[in-house]
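Report on the following structure.
The values are calculated or read from the model by the stated rules, or taken from the named source; none is laboratory data. For clarity, every value in this text was computed on a predicted model and none was experimentally measured. Glycine also receives a Cβ, built like all others from the backbone with ideal geometry; neighbour counts cover every protein chain displayed.
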Amino acid sequence: MAPVHEDHTDTLELLNQFTSAFNKRNTIDMDACLHFPHIMLADNKETIWNAPNSLPKSYFQWLEQESGWHHSEYQCISLVLSHDAQRHYLLEYTRNRSDGSVISAHKNLWVLTRVSGRWGIKIRCY
């Protein structure tokens, strides 16, 4: 597929805002980057968040205890499909420990939509 050549600074900023909030464990700022209902597809299972404050309160504690996670870091963000009110991104990122060592690497497809003039993350596929 040929690369998409257009200015998508606005949605790149949104992706960075989301991950910054995620790394700060700030669910209010994370939710501000989403459109609801928000859909996640993982392991052939669909999870729908109908409203803000849907992330389980224990999520970050679980992630830290389960893997030693401290923060996530983008390795590559590729715009693969774009329309006036919809953009699809392939995100490559790592989950890292506090010393910066990599726990795991991931590739996800995220769909961002513009609703009432505001971009938000609508779908995340893991």
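Some notes on this structure:
- Of all residues in region 35-60 being at pLDDT 95 or above and of a type in the set (S, T, N, Q), the one that is farthest from the chain's Cα centre (by Cα): Ser58
- Of the helices (runs of 4 or more DSSP H) lying entirely inside region 1-99, the ones with 2 or more residues being within 13 Å of Leu112 (Cα to Cα) are found at 9-23.
- Enumeration of residues in region 79-105 that are among the small types (Gly, Ala, Ser) and surrounded by 13 or more Cβ atoms within 10 Å (Cβ to Cβ): Ser82
- Any pair with Cβ under 9 angstrom, 6 or more apart, that starts in region 3-21 at a residue that is at pLDDT 95 or above and ends at one that is part of a helix (DSSP H, G or I) and surrounded by fewer than 16 Cβ atoms within 10 Å (Cβ to Cβ): Gln17/Asp29; Phe18/Asp29; Ser20/Asp29; Ala21/Ile28; Ala21/Asp29
- Residue check, Leu63 under 13 Å from the mean Cα position of the chain (by Cα), farther than 18 Å from Gln17 by Cβ and among the aliphatic types (A, V, I, L, M): no
- Residues being out of contact with any helix residue (DSSP H, G or I) (no Cβ under 9 Å at 6 or more places or on another chain) and more than 23 Å from Asn96 (Cβ to Cβ) - total across region 23-42: 5
- Count of residues meeting criterion [in contact with a Cys (Cβ under 6 Å, 6 or more places away or on another chain) and touching a residue at least 40 places away in the same chain (Cβ under 8 Å)] in region 88-125: 1
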